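The values are calculated or read from the model by the stated rules, or taken from the named source; none is laboratory data. Quantities reported herein were computed from a predicted structural model and do not represent experimental measurements. We place every Cβ from the backbone using ideal geometry, glycine too, and count neighbours over all the protein chains shown. In case anyone asks, the SASA skips ligands and DNA or RNA and just uses the protein heavy atoms, side chains included. Shrake-Rupley method; radii C 1.70, N 1.55, O 1.52, S 1.80 Å.
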Amino acid sequence: MSTAVRAARGAAPKSGGRRKLSLPVVLLIIAGALALVSLVRVISGADDVTSVGQVRGALELAVPIGLAGLGGLWAERAGVVNIGLEGMMILGTWFGAWAGFQWGPWVGVLFGIIGGALGGLLHAVITVTFGVNHIVSGVAINILAVGVTRYLSNFTFAEEPGGSSKQSPRLEEIDKITIPGLSDWMQDLQAHHWFFVSDLAGIIGGLVTGLSLLTVVALLLIPATWWILWRTPFGLRLRSCGESPVAAETLGVNVYKYKYIAVTISGGLAGLGGAFLAIVATSIYQEGQTGGRGYIGLAAMIFGNWMPGGMALGAGLFGFTDSLKLRGGAENVHAMLLLLAILLVIVVFWQLYRKKYLSAVISAVISAGLFAWYGLTDEVPSQFVDAAPYVTTLLVLALSAQRLRMPKADGVPYRKGEGK
């Protein structure tokens with residue numbers, strides 16, 4: 001084993017006292033959650049909550065957020081805070097749309113990655129080489145990306161038919177796949193609105209109906225990231241830079257190199273998320289279409305405790321609530337009030353079991369308020385419908401804050417030679 005690998009393993013965090021859940025337990029938790037959602041659907045009559053279209057829409061909305069979150073995970077595991085994910089996504093949308101319009105969608109995807117990677121490389125130069133505060137650098141990149149894309153659009157898209165300084169002409173779509181037979185069967189089962197069975201069918205149907213090939217690629221990047229960062233010598237060295245760069249350097253790890261690689265990959269993943277928005281989600285570039293998804297991706301990464309699986313869960317949660325807003329509006333979000341109220345009842349019993357009585361009382365009061373809100377109204381105000389995904393993100397982050405553990409050297413200034 002090389003010295004660098006031993007250094008990475010020595011600097012990597014040791015496993016804590018929290019036991020990992022076995023696969024049967026995880027599957028049981030998933031089944032219980034689905035049964036709870038199914039119960040809420042039956043009681044509320046909001047049958048679109050787990051429909052094929054809802055699941056497909058949630059996946060499409062979650063992918064850009066998940067890619068941004070994955071980008072943030074790569075950077076922060078190497079010790080660099082990447083607030084510039086939003087700007088890198090913006091660069092990805094423009095470069096992806098420009099190249100996609102010229103040479104087709106897959107070339108657009110490649111250029112979207114390159115555009116985001118350029119933003120990541122700039123962030124690495126500013127933070128790693130020059131030691132500028134990571135937050136300041138990220139905010140500057142976000143601002144710069146808006147100006148650069150507006151400037152480039154003025155003499156590219158604005159001169160094309162159907163384009164302007166704020167949007168591109170229509171783009172060619174990436175092929176979508178549907179599994180024949182299975183897709184129709186799942187849609188038929190879902191249409192019966194049976195308890196649990198129809199909900200499970202809706203989820204499976206959403207995963208096998210009209211799925212973009214780029215969505216499949218994006219989903220595969222999640223286990224690929226886990227394998228690279230946690231099962232390869234390269235990943236061990238990279239993570240050591242985010243835990244203890246001084247210790248890693250003393251044992252031969254080129255910390256600057258790994259930080260540069262991580263932040264550039266981070267930008268490329270965010271750029272891929274931007275290209276997905278332009279090419280798959282809307283088939284057009286529009287100024288401002290990222291809509292803060294870079295920041296939400298960062299929130300999903302934090303919710304996931306800097307782990308790929310948890311990050312994907314956070315992105316899926318936001319995509320699900322956002323899709324509820326778009327497909328069912330007030331009715332679907334109103335049904336979610338009942339779901340939140342029931343979940344808080346479970347939290348009450350959990351807090352009582354842990355003898356945290358104040359938290360239990362607070363959860364009980366909020367739960368009672370939600371039950372009252374659901375019982376006394378037929379729908380929620382449109383303003384709350386629009387804000388539901390963002391409120392959900394904040395609530396989840398607040399409830400998960402106590403179990404978070406960021407890399408020890410994340411955002412900590414490091415100068416080459418400190419370990420000598």
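Some values worked out for this structure:
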| read-out | value |
| --- | --- |
| Flag if ILE302 is open to solvent by 20 Å² or more (accessible area, probe 1.4 Å) and under 17 Å from HIS123 (Cα atoms) | no |
| Residue tally, condition in contact with a Phe, Trp or Tyr (Cβ under 6 Å, 6 or more places away or on another chain) and under 30 Å from GLY57 (Cα atoms), over region 241-284 | 3 |
| Pair list, Cβ under 6 Å, 6 or more apart: region 377-390 residue in a helix (DSSP H, G or I), other residue among the aromatic types (Phe, Trp, Tyr) and at pLDDT 75 or above | PRO389/PHE318 |
| Evaluation of GLN187 against (1) of a type outside the set (Asp, Glu); (2) touching a helix residue (DSSP H, G or I) at 6+ places or on another chain (Cβ under 6 Å); (3) at pLDDT below 90 (one fails), failing number | (3) |
| Hits in region 252-264 (condition: closer than 15 Å to VAL81 by Cα and surrounded by 23 or more Cβ atoms within 10 Å (Cβ to Cβ)) | TYR258, LYS259, ALA262, VAL263 |
| Residues that are open to solvent by 50 Å² or more (accessible area, probe 1.4 Å), over 18 Å from LEU272 (Cβ atoms) and aliphatic (A, V, I, L, M), drawn from region 171-218 | ILE177, ILE179, LEU182, ALA191, VAL197, LEU200, ILE203, ILE204, LEU207 |
| Top-ranked residue in region 219-235 [being over 22 Å from LEU272 (Cα atoms) and within 23 Å of the chain's Cα centre (by Cα); ranked as surrounded by the fewest Cβ atoms within 10 Å (Cβ to Cβ)] | ARG231 |
| Filter result for GLY92 (closer than 26 Å to TRP227 by Cβ, at pLDDT 85 or above and crowded, with 23+ Cβ neighbours inside 10 Å) | yes |
| All positions within region 362-381 that are of a type in the set (Val, Ile, Thr), surrounded by 13 or more Cβ atoms within 10 Å (Cβ to Cβ) and either touching a Ser or Thr at 6+ places or on another chain (Cβ under 8 Å) or farther than 10 Å from LEU337 by Cβ (or both) | ILE362, ILE366 |
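To keep it simple, each residue is scored yes or no on (1) part of a helix (DSSP H, G or I); (2) within 29 Å of LEU344 (Cβ to Cβ); (3) free of Cβ contacts under 8 Å to residues at least 60 places away in the same chain; (4) under 22 Å from the mean Cα position of the chain (by Cα).
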residue: VAL26; (1), (2), (3), (4): yes, yes, yes, yes
residue: ILE43; (1), (2), (3), (4): yes, yes, no, no
residue: GLU60; (1), (2), (3), (4): yes, no, no, yes
residue: GLY69; (1), (2), (3), (4): yes, yes, no, yes
residue: VAL80; (1), (2), (3), (4): no, no, no, yes
residue: ILE83; (1), (2), (3), (4): no, no, no, yes
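So that you can scan it fast, the table gives a plain yes or no per residue for (1) modelled with pLDDT of 95 or more; (2) more than 21 Å from the chain's Cα centre (by Cα); (3) closer than 20 Å to PRO407 by Cβ:
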{"position": "SER244", "(1), (2), (3)": "no, yes, yes"}
{"position": "ALA247", "(1), (2), (3)": "no, yes, yes"}
{"position": "THR250", "(1), (2), (3)": "no, yes, yes"}
{"position": "ASN254", "(1), (2), (3)": "no, yes, yes"}
{"position": "SER266", "(1), (2), (3)": "yes, no, yes"}
{"position": "ALA270", "(1), (2), (3)": "yes, no, yes"}
{"position": "GLY273", "(1), (2), (3)": "yes, no, no"}
{"position": "PHE276", "(1), (2), (3)": "yes, no, no"}
{"position": "ALA281", "(1), (2), (3)": "no, no, no"}
